[in-house]
2 protein chains.
Amino acid sequence: MSKKIPYRFYLSEDQMPKQWYNLRADMKEQPDPLLNPATLQPLKEEDLYPIFCKELAHQEMDSETRYIDIPEEIQEMYKIYRPSPLIRAYNLEKELDTPAKIYYKFEGNNTSGSHKLNSAIAQAYYAKKQGLTSLTTETGAGQWGTALSEACAYFGIPLTVYMVKCSYEQKPFRKAVMQTFDADVIPSPSDTTVVGRKILAENPGTTGSLGCAISEAVEKATTTEGCRYVLGSVLNQVLLHQSVIGLEAKTAMELLEEYPDVVVGCAGGGSNLGGLIAPFMRDKIVDNKNIRIVAVEPASCPSFTRGKYAYDFCDTGMVTPMAKMYTLGSGFIPSANHAGGLRYHGMSPILSKLYHDGLMEAVSYEQTKVFEAAKLFARVETILPAPESSHAIKGAIDEALKCKETGEEKTILFGLTGTGYFDMTAYSAFHDGTMIDYIPTDEDLQKGFDKLPKIDR
Amino acid sequence: MSKKIPYRFYLSEDQMPKQWYNLRADMKEQPDPLLNPATLQPLKEEDLYPIFCKELAHQEMDSETRYIDIPEEIQEMYKIYRPSPLIRAYNLEKELDTPAKIYYKFEGNNTSGSHKLNSAIAQAYYAKKQGLTSLTTETGAGQWGTALSEACAYFGIPLTVYMVKCSYEQKPFRKAVMQTFDADVIPSPSDTTVVGRKILAENPGTTGSLGCAISEAVEKATTTEGCRYVLGSVLNQVLLHQSVIGLEAKTAMELLEEYPDVVVGCAGGGSNLGGLIAPFMRDKIVDNKNIRIVAVEPASCPSFTRGKYAYDFCDTGMVTPMAKMYTLGSGFIPSANHAGGLRYHGMSPILSKLYHDGLMEAVSYEQTKVFEAAKLFARVETILPAPESSHAIKGAIDEALKCKETGEEKTILFGLTGTGYFDMTAYSAFHDGTMIDYIPTDEDLQKGFDKLPKIDR
């Protein structure tokens, strides 16, 4: 085992990216545009101003500017917790007895516990710069809410977080972290919004969903003076901000004289995957690099592998614009025993387009298999991974085992998005043998597809 | 604000320490020896063999070897999560408007969430090397138990953890993390030991104490074939292993052309403080460096600031050797509303001796003041600190504010031992205003002092 390459490799501050990379500028075909749900016409930048602050609305629509400067203030906050390490998984390689070289980019070493902070900082900064006086968002597993709470506390903007009710109740400590950063955390659905009251009236016992929390947060933002909404995934702007992950990873690998044959990432709404793969996908598109990109998703929420590529609402309450994406239908809610995040019904329009065009692959795993991989990884690599991140671990392990069969010395890069400290209920269920796998039937999924908006574009 | 010095500074792998530093070799006067409680005679190395594995018994007694090679296997595991960053607290400096330069060595970026892993790895390794087949330990706040679970899983040694019952019940997630690493976690006092059954019979409602859990773990180790006991603090061997913290910090500061005027660390049993200060205390003793060393402890468990320097048992059950140390009496249990660790009745004999000889200072703070500092720190530095670590933050802030008064541009280094993800109950209590400060009265303390063994040495 050569030790020229260290276990952990950190860029220096001056090697950190000073620009985000906008993959859309290099895509041969663009994702279909967002639609106004009332007119079914493509949205213009101005149409987004009531929801997003102006700079973010601009970034959302900007498919031309290839590199976008990271403002100095954001770079400064990045430096507090970045660069994140690129780690060579020597011990995992040894455990698997694989000829493959496995690297992972670990984004969990910050208090939000995940990569979500990369976009939260950008969104809070631009809101502050525009003079906004408050923000709203939603959170499911809690990582995004925590990240945005941190960013808003740092820049001094009050934040209201609509937290999916089942998470709010099951994860009181997540809530407590957000409150430490002075966020106002409200269980969703709530009686603070019209849409929340409507959902509660129709289904009083509901424990909420991400799509429903989004509806509430958007309503609150659009009906409050000086307030805007921010979202931690799915959006083009989020993938742009998250490109810092891939840019750092690529620079680090270049310095180590390495380049991946396969890049593996977990996919919920696509924020981590889109950020991680951005510069590698560029190489594939622009330079015809022979590189495989693999999205890993839960079998319980299989938007890539079993969803439809269609226009759909981004939320349950159908108040948001419509996006063309792989979707299970905006009413889809994963089974209650689904652990962790990756529970969104849709998928980033950028990633959806790339997948649709055959530029990336997708696989899905049942959660007990994912937790087996998580436990193995924790033992040999000493990091307790988040359930979401463990999907990528499982995907990378399977790639490495394929190399063992074929004898190929491939280089595998995967994204380890975060830590699992707030997911111990799920780990305990796995440990006790009470964790259940749930895979929706074709009939289950058909119900969601039947409710997709009928749009002929 | 000069940016020549980065926010985060990491040594490269080849700059990491290859030897631990044994401060005793440079102390002008040695700590008093451990005593056999039956004979009151100084212990010999062999006397420790029933409790500790041989190499660790040797390290415990070795006051002469200045530098001790870190075995290759331990260095390899260190490289998985080390070096830990030396962080320049630019934002904290700005927030305090102080001319002081503040640095902190952050040990929380590993799954145990603290510096404890540094010694856990060493102790698990030596046990494995000796062919031992199991280990026992105790844990209070849970960081040590987590760290040792990780290390034992890595080296493949079964581990039993006696977890103080109130922690076991209040922190189910800590227990779940240990179980993920396959540790057997038992609430203490338990009916698995003679001493546990005795304590339960005398006080059926007890929620346990660290001293009591130590008694159980030691009994279990000494009555089980091929089993030994390991401890995460207080001991000389632990301070030796933890010297990696101070050595890395000193090397990093040298590379940045910096040197601390003041070093601040939290003190419970002394593992972090002893490790952090080791090379700086050397400079003070050997090179007459003008450097202040400040221990920060909770006002609710004030062993340095209000304890007696006397021989005492290291455990409640009085089954361990006796050590000369600052102690509140082996029966002392901090108030139930005391948050986090730093709850041990005694203090490292090495640190006790240094303090007694005037080579270091100590201060104590009430916990609400500590959590105020923690919250401020989280907002500006974006790390959610452990309650223990927050004592050091509070100490460093007060040093920096003194500099603001005097205008002195001192360089302050403090140890940020870990993260507070498992301490959100305490954070919530602080947030809700229900956190209470409890300071023992002189009468309370006198009761503990009255029970100290009468030893005339």
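The values are calculated or read from the model by the stated rules, or taken from the named source; none is laboratory data. A quick note: this is a predicted structure, and the numbers were derived from the prediction, not measured. Ideal geometry is used to build each Cβ from the backbone, glycine not excepted, and the neighbour counts take in all protein chains shown. Heavy atoms of the whole protein, side chains included, go into the accessibility calculation; ligands, DNA and RNA do not. Shrake-Rupley method; radii C 1.70, N 1.55, O 1.52, S 1.80 Å.
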| task | Tell me the distances, shortest first, between B:Pro172 and the same position across the other copies, using label points 7 Å along Cα→Cβ, in nm to one decimal. | result | 1.1
| About the Cα centre, charge dipole magnitude for the protein assembly as shown (Lys/Arg +1, Asp/Glu -1 at Cβ), debye | 40
| query | Residues with beta-carbon under 9 Å from that of A:Gly331, excluding A:Gly331: net charge, scoring Lys, Arg +1 and Asp, Glu -1? | reply | +2
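For chain A, give the share of DSSP beta bridges that are antiparallel, in percent and rounded to the nearest 5; count only bridges with both residues there.
Bridges in chain A that DSSP calls antiparallel: roughly 35 percent.
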| query | Relative contact order (percent) for region A:348-453, with alpha-carbon contacts under 8 angstrom and 6 or more residues of separation? | reply | 26
| remark: Quick P(r) readout (chain A; Cα-Cα; 10 Å bins; whole %) gives 4, 23, 35, 27, 10, 1, 0
| Longest to shortest principal axis, alpha-carbon extents of region B:163-301, angstrom | 56, 36, 28
| Given charges at Cβ of Lys, Arg, Asp, Glu: region B:182-277 dipole, positive-most of B:Asn272, B:Gly232, B:Ala201 | B:Ala201
| query | Sorting A:Arg292, A:Arg197 by accessible area (1.4 Å probe), largest first, what list results? | reply | A:Arg197, A:Arg292
| message | Placing one identical point scatterer on every Cα of region A:206-259 and ignoring solvent, what is log10 I(q)/I(0) from the Debye formula at q = 0.16, 0.19, 0.25, 0.31 Å⁻¹? | response | -0.66, -0.76, -0.97, -1.08
| Relative contact order of chain A, defined on C-alpha pairs under 8 angstrom at six or more residues apart (%) | 19
| task | Sort B:Ser348, B:Ser428 by accessible area with a 1.4 Å probe, largest first. | result | B:Ser428, B:Ser348
| query | Any idea what the relative contact order of region A:185-307 is, in percent, if you count C-alpha pairs under 8 Å spaced at least 6 apart? | reply | 19
| task | Give, as a single signed number, the net charge of other residues whose beta carbon lies under 15 Å from the beta carbon of A:Asp315, with Lys and Arg counted +1 and Asp and Glu -1. | result | 0
| field | region B:45-203: radius of gyration over Cα atoms, expressed as a fraction of 2.2 N^0.38 Å | value | 1.24
| With DNA, RNA and ligands ignored, accessible area of B:Ser209 (1.4 Å probe; Å², nearest 10) | 10
| Using distinct alpha-carbon pairs, which all enter the 1/r mean, Kirkwood radius of the protein assembly as shown in Å | 28.2
| Per-q log10 I(q)/I(0), region A:361-422, q = 0.11, 0.19, 0.21 Å⁻¹ (Debye; single scatterer per alpha-carbon; no solvent) | -0.24, -0.69, -0.83
| field | Charge-dipole axis of chain A as Lys and Arg at +1 and Asp and Glu at -1 on Cβ define it, positive-most pick from A:Gly418, A:Tyr49, A:Ala153 | value | A:Gly418
| query | Any idea what the A:Asp14 label distances to the other copies are, label 7 Å down the Cα→Cβ vector, nm, shortest first? | reply | 2.0
| task | Please determine, in degrees from 0 to 90 and to the nearest 10, the orientation of helix B:271-286 with respect to the longest principal axis defined by the Cα atoms of chain B, where the helix direction is its Cα long axis. | result | 60
| Tell me, what is the Rg over Rh of region A:97-162, with Rh the Kirkwood radius over Cα pairs? | 1.18
| request: Using Cα positions and a limit of under 21 Å, work out the lysines in reach of B:Lys410, with same-chain residues fewer than 8 apart set aside. | output: B:Lys3, B:Lys4, B:Lys94, B:Lys101, B:Lys105, B:Lys250, B:Lys284, B:Lys289, B:Lys394, B:Lys402
| field | Kirkwood hydrodynamic radius (C-alpha pairs) into Stokes-Einstein, region A:295-430, 25 °C and 0.890 mPa s, D in µm²/s | value | 154
| task | Using only Cα atoms, tell me the angle between helix A:72-81 and the longest principal axis of chain A; keep it within 0 to 90° and round to the nearest 10. | result | 60
| query | In whole Å, how far is the Cα centre of region A:53-87 from that of region A:372-420? | reply | 28
| field | Value of Rg to Rh for region B:5-91 (Rh from inverse mean 1/r over Cα pairs, i.e. Kirkwood) | value | 1.13
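Can you put A:Arg282, B:Arg88 in order of accessible area, largest first, using a 1.4 Å probe? Write down the numbers at each step before the final one.
Values: A:Arg282 55, B:Arg88 20 Å².
Solvent-accessible surface, decreasing: A:Arg282, B:Arg88.
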| task | Kindly express, to the nearest 10 degrees and within the range 0 to 90, the angle between helix A:367-381's C-alpha long axis and the longest C-alpha principal axis of chain A. | result | 50
| said: Keeping all protein chains in the complex and leaving out DNA, RNA and ligands, what accessible area do you get for A:Thr207 with a 1.4 Å probe, in Å² to the nearest 10? | reply: 70
| field | Label spacing, shortest first and in nm, from A:Ala38 to its equivalents in the remaining copies (7 angstrom along Cα→Cβ) | value | 8.9
| said: Using a 7 Å offset from Cα along Cα-Cβ at A:Asp432, what residues in region B:153-180 end up with backbone N under 13 Å from the label point? | reply: B:172-173, B:176
| Counting only the heavy atoms of the protein chains, how much of A:Arg228 is accessible to a 1.4 Å probe, in Å² to the nearest 10? | 50
